[in-house]
Amino acid sequence: MANLILVLGDQLSPELSALEHADKTRDRIVMAEVAEEASYTNHHKKKLVLLFSAMRHFADQLRDHGWQVHYQHHQSLEAVIAGQLDACHFERVITTECGEWRLHEQIQQWPKRLDVPVEIRPDTRFIAGKGEFASWAKGRKQLRMEF
């Protein structure tokens, strides 16, 4: 069965955990320029242009390497995923944990709202995972980057 792999705008890396063990001939990557995500807070227009340009170039890079990529402009990320699920049957949605709690909570609702299993993989692009950092931070009064 095929998987639908979601790549977010701040996850533009071929080393992304969501892409591990994926099958280029079977799985589909979905990326989207989502109005809801671009407008939930004030962003400079040039920042958005840079972000969307980077996303488009990364999508092209993935296609050049043989991936099936669906790139779309839409109002909401959930609508993009729902549209892909309606168009083709996928076994599950795979994504890498996102950096924003607000979006993470939305994605956690998809199994109920979209009737599809969602696998959220740890983001391995950092020195330490969330669990390792939580263990390190446990019992500390303050967390500082510098003194």
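We did not get these values from a lab; they are worked out from the coordinates using the rules stated. Everything quoted here is computed from the prediction, not taken from an experiment. Ideal geometry is used to build each Cβ from the backbone, glycine not excepted, and the neighbour counts take in all protein chains shown.
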Order of Met31, Met145 under a 10 Å beta carbon neighbour criterion, fewest first: Met145, Met31
At R0 = 41 Å, FRET efficiency that the Cβ-Cβ distance of Ala87 and Ser135 yields, to 0.05: 0.45
Under 26 Å from the Cα of Lys138 - lysines, other chains or at least 8 residues apart: Lys130
Rg followed by Dmax, in Å, when the range 87-147 is reduced to its Cα trace: 16.0, 54
Cβ-based exposure ranking for Thr25, Thr96, in which fewest neighbours within 10 Å come first: Thr25, Thr96
Sorted peptide list for 8-16, 134-142, criterion being average Cβ within 10 angstrom, highest first: 8-16, 134-142
The chain pair-distance distribution - Cα-Cα, 5 Å bins, rounded %: 2, 8, 17, 20, 20, 14, 9, 5, 3, 1, 0
Additional length obtainable on full extension of the chain from Tyr40 to Lys24, 0.36 nm per residue less Cα span: 2.5 nm
Theoretical gain in end-to-end length, Gln68 to Ala128 [0.36 nm per residue, Cα-Cα removed]: 18.5 nm
Cα pair distances in the range 41-99, grouped into 10 Å bins until the bin that holds the longest one, percent each: 17, 43, 34, 6
Net charge of neighbours whose Cβ lies under 13 Å from the Cβ of Glu20, counting Lys and Arg as +1 and Asp and Glu as -1: -2
Helix-only mean residue ellipticity at 222 nm for the chain, each DSSP H run of n ≥ 4 adding -39500 (n - 2.57), per residue, nearest 500: -12000 deg cm²/dmol
Per DSSP, loop chymotrypsin sites (Phe, Trp or Tyr not before Pro) in the range 1-92 with at most 13 further Cβ within 10 Å: Tyr40
Only Lys, Arg (+1) and Asp, Glu (-1) charged, at Cβ; the chain dipole about Cα centre in debye: 500
